[in-house]
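This report concerns only the one structure given below.
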């Protein structure tokens, strides 16, 4: 008998090879995106667009190759032989394949063109508060997105809006979000006036006086990042117009934007991105370049940045630690840099119209509003023309403010005009998840708050690594939360956190 | 009659599409290489290696796809319908295809592994001057490279060594190089003693006293680059261990390495790389992402960097210009920064053992030696074991020096140990070509030397752009030289340049 030269390669193993190649190319594209945002001269834009488009086409071809579909069918038929992680990997491969194959290429191209055209008009319309000017283009974007959502919904077995959310937060369900947002939507109008009254009694913080030179801010930011656990052998800090976290797990690159007038926002922005970065850095190394090895979704991702920023860094404990560092870095600001004054600065609540400037108390109101609008648009319960009216009425209900114009209302975020529907809920679900994870970490290690006061994050990071980061995409977001905290997402933990921080 | 919905796409047009995709992916890889050398943290290395390897495999698959070969056959059969540039483009496509398909993948893999292993041992063997330690691995590299050279030679219809040179300088022929190098090899032993005697009479230059802060050097380098014609909207200057020119034509990125003890080398290195950059920047934009749109080969590329460095920047005229800039930048060094002293610094001749430290007079001796050794190795006239002996004897003949050990001899350059045979001749052919092109540019625009003294390079750049850069790969290197200067490469122009600079 002749022995075969090599064992037959299973369909699953061949899929791993395919997705390894796909992931490496996607990572290459990721580095090129970082470069474009952080260091590329303007003149490089057309060539870079061509490089990225070509990589996108090659990746799409790998994913939608009929052979990939055949291998998925075969591997699923043999799934009983796989380990849990392999099965989870296979499920993630299938999910990517479903998203990639659900839409025909004409629709994808039409969406891309419509979004580009709409975004360009939005840039003009926003400063003029001219919703009517962008309305026809946004209608077109919405119609195409509705087609895409319907096609994906059919394949995924969920509602059209859930199919859109699935692109960012796999498995997200309207019923779960409804419950959570209804709870907070009822809580806020009663809670907010108490917060504002308490804040008024505490008095206004002293503003630190600049200038705060960029090079000094950057050195400070790097020191803080190192304390949080960031390793500069495996990452960088740079500048870009919009702060973000890019790169790859072995080489995570975050960016920020400095203003020499103040350090407050840039520093907290760096801490926020560091939260994202540590998640990427601690993903399961043994599953690199496989779908199961990547971050679970945008809810968990936002939870990691918001845990670092909102739970850890804006705490009274960390303000005490920061005070020493800041006084060392920016002499002559002793009063403004006292622990108590920093706490006032970093826990200011101020209801306003602009989401990206919102504090953690009012932020969910902005999200709940957008979620309701998106959901109704994709259920067909709301016409696009009625969105500004609904927006303004809902805003009044949630935050008690009259929106002065669409510039401060429906025109403010680029997301919709760029064709991105279904992302917004991730922000607030992330904030609530962050509170619950931090609460559980502190229960497991009661010394964490005292350690944060000393600038020590090893126990917190260790807990997050073990309970969140190293799980990659092997289980769902609700399973991560339940395993780590003992129960599903519970808004009460977030509410208790807010009460402690803003009423005491 | 029905009109067809669209005209049939010609084989040639389909090849352009394929090579456009291939080129965009190669450019992506180029940016990733720049990133690795200039900004990537060490920890990113394994992930980057995987990204680059994957891009390499995808590019190789596009090129060696049987459909690419079929399209080439068809397009060549229809070549009469093409324009000159299209025909030249097709010829370059064929050349890439021939190189990519000449070797079977087992040989490519064996070469890659052998080179990696050999280079690692060379890093240890070089400081110990231990040629014997690396001999078996270099033998293996050489044997595999001989197989590759034979396979490519058969397809290209040239000698094995010419097939290796063709990878860097398409169409290079031993007979042409023999003639040029024999001429200079006869000239040098008579010329060099006269240069050294003349130099002794002029006396030694005063050394500028540092420190020269890196940030100040970088600002100076940028000012000089701008004067040479570099546009920072389309490029960058960064630092890396080995200076190089990377990026893409719309976004050319050069690097240098600073020492705070002296500015002399870093500044001239930046000027050298700027010469490479301006060539890339001025390649024919209408042929972007096509084989005919890229730089002709390494001889012309080296000619552009050496023209900028050796012909323009080390001239007495530019030293006068530089003197003003340098005195402004580094106060307190007036004597050392006088025009005449800078000229002495920048035209020092000092025969030595190390190629990369050599001046322009003795540099060709290093190259002639390596060329003779390479040629004999691939013709089979020389055994590897005999190389150190031949090296030392030839070195004595050319430069009159006794090589103290193989560390200063056969072990000094990484090229052979890394499997790169056939590159060395490009350096000196480039230097000679630079002299001839500069001479022709000054004949066409006699005001160029006076303009260089004022830091103005527009006429020189315009001439280079029209006569060299914008030709891309549409004609051969000898044709570029002949069209631009009225005759083929003529060593006498280089010799006259040296006589003027070093004997007057």
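In chain A, the longest principal axis of the Cα atoms and the axis of helix A:11-38 are about 40 degrees apart.
The stretch between residue A:57 and residue A:265 holds 71.1 nm of extra length on full extension. This uses 0.36 nm per residue minus the Cα-Cα distance. Treating each Cα of region A:361-429 as one equal point scatterer and applying the Debye formula with no solvent, the log10 of I(q)/I(0) at q = 0.15, 0.18, 0.19, 0.22 Å⁻¹ comes out as -0.45, -0.66, -0.74, -1.02. Cβ-Cβ distance of residue B:182 and residue A:128, R₀ of 60 Å, FRET efficiency by 1/(1 + (r/R0)^6): the value works out to about 0.20.
Dividing the helix sum by the residues of chain B, where each DSSP H run of 4 or more adds -39500 (n - 2.57), gives a mean residue ellipticity at 222 nm of -20500 deg cm²/dmol.
Counting beta carbons within 10 Å around each of A:248, A:31 and listing the fewest first gives the order A:31, A:248.
Counting from the shortest, the label point at residue A:189, 7 Å from Cα toward Cβ, is 10.2 nm from the same position in each remaining copy. Largest first, the three principal axis extents of the alpha carbons in region A:408-504 are 46, 39, 25 Å in whole numbers. Hull volume per residue, based on the alpha-carbon atoms of region A:252-410 and their convex hull, is 159 Å³.
Under the simplified labelling scheme, the residue B:64-residue A:204 pair shows an inter-label distance of 7.1 nm, with each label point 7 Å from Cα along Cα→Cβ. Each residue of region B:6-64 gets 84 Å³ once the volume of the Cα convex hull is shared out per residue. All Cα-Cα distances of region A:1-102, cut into 10 Å bins from zero to the largest, leave 13, 36, 25, 16, 7, 1, 0 percent in each bin in turn. If R0 is taken as 35 Å, the Cβ-Cβ distance between residue B:383 and residue B:45 corresponds to a FRET efficiency of 0.40. Taking 0.36 nm per residue of separation and subtracting the Cα-Cα distance, full extension of the segment from residue B:445 to residue B:175 would add 93.9 nm. Between helix A:458-467 and chain A, what is the angle of the helix's C-alpha long axis to the longest principal axis, kept within 0 to 90° and rounded to the nearest 10? Tilt of helix A:458-467: around 30 degrees.
Taking every C-alpha pair closer than 8 Å and separated by at least 6 residues, the mean separation divided by the residue count of region B:1-102 gives a relative contact order of 38 percent. Normalised by the number of residues in region B:266-356, the average gap of Cα pairs under 8 Å and 6 or more apart makes the relative contact order 25 percent. Here, chain A is characterised by an Rg to Rh ratio of 0.97, where Rg is the alpha-carbon radius of gyration and Rh the Kirkwood radius. Ordering B:54, B:83 from the fewest to the most neighbouring beta carbons within 10 Å gives B:83, B:54. Computed over every Cα-Cα pair of region A:64-152 and binned at 10 Å starting from 0, the pair-distance distribution P(r) comes out as 15, 30, 22, 17, 11, 4, 0 percent. Seen against the Cα atoms of chain B and their longest principal axis, helix B:66-77 is set at about 90 degrees. Each other copy places its own label point for residue B:84 at 7.1 nm from this one, sorted shortest first, where the point lies 7 Å along the Cα-to-beta carbon line.
Once you reduce region B:25-70 and region B:105-142 to the center of their Cα atoms, the two points are 23 Å from each other. The Kirkwood hydrodynamic radius of region B:244-306, based on inverse pair distances between different Cα atoms, is 12.5 Å.
Considering only Cα atoms, the convex hull volume of region B:132-208 works out to 202 Å³ per residue. Across region A:204-324, Cα-Cα pairs farther apart than 24 Å form 28% of the total. Provide, for q = 0.05, 0.09 Å⁻¹, the log10 of I(q)/I(0) from a solvent-free Debye sum over equal Cα point scatterers in the protein assembly as shown. Reported log10 I(q)/I(0), two decimals: -0.40, -1.15.
No value in this document is a laboratory result; all are computed from the given coordinates. Because the structure is a prediction, the values reported are computed rather than measured. When we count neighbours, we look across all protein chains shown, and the Cβ atoms used for this are built from the backbone with ideal geometry, even at glycine.
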